[in-house]
Amino acid sequence: MIEVTPDIRLNEHEIEEEFVRASGPGGQNVNKVATAVQLRFDVARSLSLPDPVRERLIRLAGNRITEDGVLIIEAKQFRSQEQNRQAALKRLINLIRQATKKPKPRRRTQIPATVKAQRLEKKRRRGEIKRLRQSPSEG
């Protein structure tokens, strides 16, 4: 079990890892060894996540989530498989932790009556200036 928060633990069987060849530094090693990792986590069918967290995670993941609800995280920053595995797992855990935080509900701000009155007075003055610019035949 992978502990994300005290309440949420992921089962390792829910996470799939696939190793692929990565581009970038590494010389001939790049052509021979599959060091990049594609971590797949089925958010839609995961039993480890509560429903509100699942919904927020899907929203947070954006284009990293497939139509089937599978989150794909790629890590190819390092030259070793193990470091890339750890980096991908760390990114998954951070994303789930972000999803556990409930967004603060937005409260509409109350516009003070004096501010409304000032705005209307300013509009009235501006209208008066424009009215005075007109020739008598137009009005």
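Coordinate-derived values only; no laboratory data. Note that the structure is a prediction, hence the values are computed from the model and not measured. Note that we place each Cβ from the backbone using ideal geometry, even for glycine, and neighbour counts take in every protein chain shown.
Computed from phi, the 3J(HN,Hα) profile of segment 77-86 under the Karplus parametrisation 6.51, -1.76, 1.60 (θ = phi - 60°) reads 6, 9, 7, 9, 4, 4, 5, 5, 4, 5 Hz, with x in place of Gly and Pro. Run the reach check for Lys130 against lysines, Cα to Cα strictly under 18 Å, same-chain hits fewer than 8 apart removed. What comes back? Candidates past the 8-residue exclusion: Lys122. The percentage of C-alpha pairs in the chain whose separation is greater than 20 Å is 63%.
Estimated at 0.36 nm per residue, the fully extended path between Lys116 and Val70 surpasses their Cα-Cα distance by 11.6 nm. Ranked by the mean number of other Cβ atoms within 10 Å of their residues, highest first, the peptides 103-112, 42-51, 124-133 fall in the order 42-51, 124-133, 103-112. Here's the thing: no aspartates and glutamates lie within a cross-link span of Lys123, going by alpha-carbon distance under 12 Å and ignoring same-chain residues fewer than 8 apart.
Per DSSP H run of n ≥ 4, the term is -39500 (n - 2.57); total these for the chain, divide by its residue number, and report the mean residue ellipticity at 222 nm rounded to 500 deg cm²/dmol. The helix contribution divided over the chain gives -13000 deg cm²/dmol. Think of the chain as a dipole: +1 on every Lys or Arg Cβ, -1 on every Asp or Glu Cβ, centred on the Cα centre; then among Val33, Gly62, Leu132, Leu132 lies furthest on the positive end.
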